[in-house]
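Nothing in this text is a laboratory measurement; each read-out follows from the coordinates by a stated rule. Everything numeric in this text was worked out from a predicted model, so none of it was measured. Reconstructed Cβ throughout: ideal geometry from the backbone, glycine too, with neighbour counts over all protein chains shown.
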Amino acid sequence: MKDNIRHLIQQALTRLTAEGVLPEGLSPVIQVENTKDKSNGDFASNIAMMLAKPAGMKPRELAEKLVAALPADAEVSKVDIAGPGFLNFFQNSDALAQRLEAALADAQLGVRKAGPAQRVVVDLSAPNLAKEMHVGHLRSTIIGDGVARVLEFLGDTVIRQNHVGDWGTQFGMLLAYMQENPAAAESELADLENFYRAAKKRFDESPEFADRARELVVQLQAGDAECLRLWHRFNDISLSHCQALYDRLGVKLSMADVKGESAYNDDLANVVADLKAKGLLSESDGAQCVFMDEFKNAEGNPLPLIVQKAGGGYLYATTDLAATRYRANVLKADRALYFVDQRQALHFQMVFSAARLAGFVPADMQLEHMGFGTMNGADGRPFKTRDGGTVKLVDLINEAEERAYALVKGKNPELDEAELRQIARAVGVGAVKYADLSKHRTSDYSFNFELMLSFEGNTAPYLLYAYTRVASVFRKLGKSVEEIGGQISLGAEQEQALAGKLAQFADVLNGIADKGTPHLLCAYLYDLAGLFSSFYENCPILSAEDEAVRNSRLRLAALTGRTLKQGLQLLGLDTLERM
Ligand code: ARG
């Protein structure tokens, strides 16, 4: 709908420009927002305020001219001017009802992408394989998965890239440990955290071991067969740990999406040579660096993007530069989204700028760092175990499921064990994911089991439960929406409000595709569930006397159920028919 209104405004602008009322060459970003107070219509735009100055008019004067120039549209019943010059659009309720009927008949629920379909690389999860996945990797994995699903639903071709840390000096230490005692190493690998700790201990206590570790890194880089064998063995085990977690979390990632740092090894020397050929490299303390005007430290001195160390070794940035051109040239991406900790913002700004300067990516390819904040504990500090260690992801999920199990059992003691377990899994994992997804990605957030498992507020249990209420209406009816006739017609205030919200689904998903912000979908579903609740309380469905009214309400309920289910699915949550 917003898109439709933007289009109408654009036509009015074009007309006023042709008539000489507006100067040539204006190409404003037309903003259309949902109104909070429905007495101001359903959508509002501040376009008259934005263009008043270049047009040399008062905002209200321009607003009047715009309203007069707006083409008539079946979906808009009237347009008012409010306050300093807002345009308020009122949605026509018959047109709205028709729109919802079309959504109900469509597997895509009437959702289309606002712009052209694109090929999008989504860089997500990317743990370092030397250690076990911990809570720090949760956000990238879950938020990236949510956005990838939304893009796919809108029709983009999504290429997931799990840029795992599978290379670097720490592997020398791990290989040395595997070599030293193969049998023990094999059994300890079952617990990567312990394995890493044991290897690190040897590294710290024995200079001879440390030397061997360093030697092994050199051999590994030189392609020594035995080193590569051990390295593969280690990575296979570590990746299978990751895969087990992805499966439990219901994250759409597979081994085929893994394209680790090591995959770019062969291109790193070329990256450096190409940067040099472009005249972009300078030497600083023996290291090869790219200096760019826009990156300076607090003292105003240029900051280096180091691509090769004095000793010849390559760095994280070199690999990321190689990855940008692989994504552009081989994957043919129009857009690449990086779901990585906000603390790496400068790294990505510098890599993206250098990639553009070097011509590694076409000028119109979008490179976007979708940074996220830290996951904190209840004390507001980074989330840790009681003894200060990092929290293993697997422990966190186990605890979430146990807590959900106790909760669900308390509410429904009569359910059999298998069903309880199934519900606990959906609620527990869903709660952890939803809590993360519902916060704005750039802010830090406090991990709190009690809050995320609450049946009140913007939580997974609340939304899963809301869905089951819709499901129960149809269970009682004993029919699906396809088996009932009639059509949606909007009478009561609660029906209007619910319908208006349902019609926003496409706008919300398009916003997420733009900004990489799944919390918008959470907020939307939460509002939708709330509006359904007041509709449900105020507008009898099954007991409605009039058949036409009953069918209309059933149809509204069905579309609400589908929207909730689809929305939760896009967030990576499984719905339940009852709980
Ligand atoms: N492995 C890195 C880390 O744990 C994240 C990699 C993100 N992706 C990238 N293309 N740099 O910090």
Quiz prompt | Cα-based convex hull, the chain, per residue volume (Å³, whole number) | solution = 197
Quiz prompt | Net lengthening on full extension, Glu493/Leu331 (0.36 nm per residue, minus Cα-Cα) | solution = 53.3 nm
Quiz prompt | Too-long pairs where the Cα-Cα distance tops 25 Å, listed order kept, from Lys309/Lys515; Lys259/Lys384; Lys131/Lys565; Lys131/Lys201; Lys36/Lys515 | solution = Lys309/Lys515; Lys259/Lys384; Lys131/Lys565
Practice problem: Could you work out how far apart the two model spin labels at Glu419 and Ala102 are, taking each label as a point 7 Å from the Cα in the direction of the beta carbon, and quote it in nm? | Solution: 4.1
Quiz prompt | Longest site-free stretch - the chain; sites: GluC sites (Glu not before Pro), DSSP loop, at most 14 other Cβ within 10 Å | solution = 25-298
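Which order results if Asp191, Asp247 are arranged by neighbouring Cβ count within 10 Å, fewest first?
Working: Asp191 14, Asp247 11.
Least to most surrounded, the residues fall as Asp247, Asp191.
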Quiz item: Which lysines have a Cα lying under 17 Å from the Cα of Lys65, excluding residues fewer than 8 positions away in the same chain?
Solution: Lys53, Lys78
Quiz item: Which percent, nearest 5, of DSSP beta bridges in the chain are antiparallel?
Solution: 60
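Want the number for Arg248 to Ser39: 0.36 nm per residue separation, take away the alpha-carbon distance, what's left?
Length gained between Arg248 and Ser39: 70.6 nm.
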Self-check item: Convex hull projection area averaged over all views, the stretch 426-570, Cα basis, nm²
Solution: 9.0
Quiz item: Percentage of Cα-Cα pair distances in the stretch 1-98 greater than 22 Å, rounded to whole percent?
Solution: 22
Quiz item: What residue among Ala190, Gly172, Gln219 has its Cα farthest toward the positive end of the dipole of the stretch 170-252, where the charges are +1 on Lys, Arg and -1 on Asp, Glu, each on the Cβ?
Solution: Ala190
Self-check item: Length gained when the stretch His440-Arg197 is fully extended (0.36 nm per residue, less Cα-Cα span)
Solution: 84.0 nm
Quiz item: On alpha-carbon atoms, Rg over Rh for the stretch 307-416 using Kirkwood Rh?
Solution: 1.21
Quiz item: Any idea how far apart Lys476 and Ala82 come out in nm if each label point goes 7 Å out from Cα toward Cβ?
Solution: 3.6
Quiz item: With each label point set 7 Å from Cα along the Cα-Cβ vector, what nm distance links Glu399 and Val29?
Solution: 4.0
Quiz prompt | Least to most buried among Ile306, Ile423 (fewest other Cβ within 10 Å first) | solution = Ile306, Ile423
Quiz prompt | Estimated FRET transfer efficiency when R0 is 41 angstrom, pair Leu346-Asp73 (beta carbons, to 0.05) | solution = 0.35
Quiz item: How big is the equivalent ellipsoid of the stretch 170-252 along its three axes, where each semi-axis is √(5λ) from the Cα gyration tensor, reported in whole Å from largest to smallest?
Solution: 25, 15, 10
Self-check item: Farthest positive-ward along the chain dipole, Cα basis, beta-carbon charges - from Thr324, Pro116, Gln10
Solution: Gln10
